[in-house]
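The values are calculated or read from the model by the stated rules, or taken from the named source; none is laboratory data. These figures come from a predicted structure and were not determined experimentally. All Cβ positions, even for glycine, are placed from backbone atoms using ideal geometry, and neighbour counts span all protein chains on display. Just the protein is used for accessible areas: all its heavy atoms, side chains included, with ligands, DNA and RNA removed. Shrake-Rupley method; radii C 1.70, N 1.55, O 1.52, S 1.80 Å.
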There are 2 protein chains.
Amino acid sequence: MKRARTEEAKDARRQVLLDAALDEFFERGFTAARTHDIAERAGLSKGTLYLYFDSKEALFSELIESLTSPNLARIDEIAATSPSALDAIDRFTGFASHLVRTSDLPRLMKVLIGDSQHFPETMKRYREEVLERVLGAIGSVLEAAKSRGEIVVGDPHLTARLVIAPVLFSGIWQAMFGADPKAQVDLEALFGEHARLLRRGMETADVRDGDHA
Amino acid sequence: MKRARTEEAKDARRQVLLDAALDEFFERGFTAARTHDIAERAGLSKGTLYLYFDSKEALFSELIESLTSPNLARIDEIAATSPSALDAIDRFTGFASHLVRTSDLPRLMKVLIGDSQHFPETMKRYREEVLERVLGAIGSVLEAAKSRGEIVVGDPHLTARLVIAPVLFSGIWQAMFGADPKAQVDLEALFGEHARLLRRGMETADVRDGDHA
DNA sequence: TATAAATAACTGACCAGTCAGATATTTATG
DNA sequence: CATAAATATCTGACTGGTCAGTTATTTATA
């Protein structure tokens, strides 16, 4: 193999290994995935993998980090810049649809769930720094809208979970059955209907009259 | 160990092994779980486990079967006996809340997701005979109600997925973080709000005026 | 040629499944 | 009723194979 001598070349190599790791972890689960196969998929040998990552588990941690942090920023941005809660919901569901259809998130979710109790510390951090943060952002938007009388909901922070739930559902469906043509789902339509139901379910009576399409 | 000579005693022994298997599969994942530990947890030796099940995988298959079939019957019953779709939704969400809070379903879901690609055949069957059947039952109820003009929805079979989504979300949450007191969720309130949002999101304008509590 | 990167053979630990022998329970017989 | 033979259940040491991580050696390149 051609050698990576510069820092950029090394970063590229790390990325190739991370990509290969996601493929293998997804296809076999963390425990069953072989470091030999990850390295081979990246066009390298097992020994080389250990030059770039301390252990299989370290590789896993870095994989999570590299796949989640960009999306978190986007969630915060939506929460901060939406003029109304109903608007934020449309944007959240649109982003969710995009994530589930085109990103690595569904495959990561599957791996995370499958090997969660092997890494209690990692999972706790993931929950606190990713899930609770996303739920918190959505919950706050709903809470503010509720106090302005813009929407009618029970506990906004519980409701945030209902906003998110279809992301997990369709992400997992996609990851598990996406390969089978018989199990295809029109995700844009699904998230469209989700947004419609939420809007209609939350909007106040007076908004109701001039209903949406 | 006292010996199981009668058929009933053997059935009981199978059940003890199935219970132990769920515990171990859940705690370590299918691949990482040791048959030795399953047997030990059941108060038996590894050799005995293999008198009752052909292989680790056969044990897994029987576990799925034993945990899903009772719930399926209940879903069909709700679909068949509910006077209206709005009523059926209340009953579905109530049953879902019950399942997530008190049954083994969340732990089974976690194991199934984690080791799905190890058993493509089992997973396909599970999708077709459990998931599609539940989605079909709910979808049909919605479809009938829509054609009666009782509710307003887009594609009823897509909407069925939105009805189910919080079951997966909270089941997985429960399985992964249920042990941590900081991550507790009021599931009854969650499913209550879910039912409320769905009802309000689907009901026709004329029903709207006399709104629910 | 010096040195950093890459390799592949190696080690030690682990585990599914097997099987020969041990033991609990039932059944036949005096 | 006693006990020995028969039977089915149970056990755990063993085998064959796997794999994470290490290291001695080779090789690219500045």
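Looking only at segment A:10-30, residues that are touching a Lys or Arg at 6+ places or on another chain (Cβ under 8 Å) and near DNA strand C (Cβ under 10 Å from one of its atoms) come to 0 in all. Residues of segment B:25-56 that are within 12 Å of DNA strand D (Cβ to nearest atom), within 14 Å of another protein chain (Cβ to nearest Cβ) and crowded, with 16+ Cβ neighbours inside 10 Å: B:Thr31, B:Ala32. Is it the case, given these coordinates, that B:Leu22 is open to solvent by less than 40 Å² (accessible area, probe 1.4 Å), assigned by TED's automatic domain parsing to the domain that holds B:Glu203 and either within 16 Å of DNA strand D (Cβ to nearest atom) or closer than 19 Å to B:Leu168 by Cα (or both)? No: the conditions fail for B:Leu22. The numbered conditions (1) more than 16 Å from DNA strand D (Cβ to nearest atom); (2) over 13 Å from the mean Cα position of the chain (by Cα) are all true for B:Ser66 except (2). For segment A:31-70, filtered to residues that are touching a residue at least 40 places away in the same chain (Cβ under 8 Å), of a type in the set (S, T, N, Q) and not in a loop (DSSP other than H, G, I, E, B), the residue that is nearest to DNA strand C (Cβ to nearest atom) is A:Thr48. Note on segment A:200-213: among residues that are more than 8 Å from chain B (Cβ to nearest Cβ) and part of a helix (DSSP H, G or I), the one that is modelled with the highest pLDDT is A:Asp206.
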